[in-house]
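Have a look at the structure below before the remarks.
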Amino acid sequence: MKLYYSPGACSLAPHIALCETGTPFTAEKVDLKTKKTEAGGDYTAVNAKGSVPALALENGHVLTEAAAILQYIADGKPETNLAPRAGSFERYRLMELLNYIATEIHKGFSPLWNPKASADWKAAAHANLATRFDWLSSFLGGKSYLLGEGFSVADAYLFTVLSWSGHVGVDLAKWPVLTAYQARVGHRPKVQQALREEGLLN
C-alpha cells in the first residue's frame, strides 16, 4: 500500500499507525498547493478531494479521511491492539474520539491557517480550541492515553493535531496534561520513526 502525505499534516497520524503496526508501505509526498506528487503525478487523479491523507491499496481501491484510514490500518493488524474489537463498546468510544478530534479539534485549527481569516475569526477559533483543550485535559485526567493505558489510533490523530499548536500561536503550556501527553506520545519509538521519515525530526 502507498500513503500519500504532506509533512506534519493530518496524514502524519496514519503514518504513525503504519509504523506502529509494522505494516509494509511506501510513502509519497504531496505538494498541497500544486496538487503534484513527489514523483510528478497529478494527485487529484488519486484523490479528487485534493487533500491528504490517501491510502492506495493493493486491490486498486483508495481510502481517504484520516479517521477511516486509521481504523483500516488498525483492523489490518488486530494483534497490535491499536483499535478495540469491532462491535465492542470500546470501539464506539474510539469512533467517538476520532470524530471529536476530526470535527472539533482538527477543523478548529482551520481558521488559524487561513491568511484571509479576520482577527475576530481567529480569536474565536482560539477560544473554541481552548474550550476543547479544557475538555481533553479533563478527559485524559491521569490516563496515559485516550482509551486508558494502551496507545490507540486516536492517540496518533490527537498527537498530530496538537503538534500544530506552536505553528499557529496556541500556547499548549496552558494545559499541562496535554503537554505531558504530547511528550509521552512523542517519545514512542514508532512515532519518532514517522517524524523522521517526514523530515520533522533529526
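Quick notes on this one:
- Chain lengthening between Thr103 and Val62 when straightened (0.36 nm per residue, less Cα-Cα): 12.6 nm
- Among the GluC sites (Glu not before Pro) found in the range 1-77, those both in a DSSP coil and sparsely packed, with 11 or fewer other Cβ atoms within 10 Å of their Cβ, are Glu58.
- Under the simplified labelling scheme, the Ala123-Leu201 pair shows an inter-label distance of 3.8 nm, with each label point 7 Å from Cα along Cα→Cβ.
- Computing Kirkwood radius over Cα pairs in Å for the structure here picks out one of (i) 16.8; (ii) 17.4; (iii) 18.5, namely (ii).
- Were the residues from Thr179 through Asp31 laid out at 0.36 nm apart, the gain over their Cα-Cα distance would be 50.3 nm.
- Shown here for the range 1-87: trypsin sites (Lys or Arg not before Pro) in loop regions (DSSP other than H, G, I, E, B) with at most 12 other Cβ atoms within 10 Å, namely Lys33, Lys49, Arg85.
- GluC sites (Glu not before Pro) within the range 133-202: DSSP coil, no more than 14 neighbouring Cβ in 10 Å: Glu149
Just so you know, all these numbers are worked out from the coordinates, no wet-lab data involved. Predicted model, so just to flag it, every value in this text is computed and none were measured. Because the Cβ atoms are built from the backbone with ideal geometry, glycine has one as well, and the counts that use them run over all protein chains shown.
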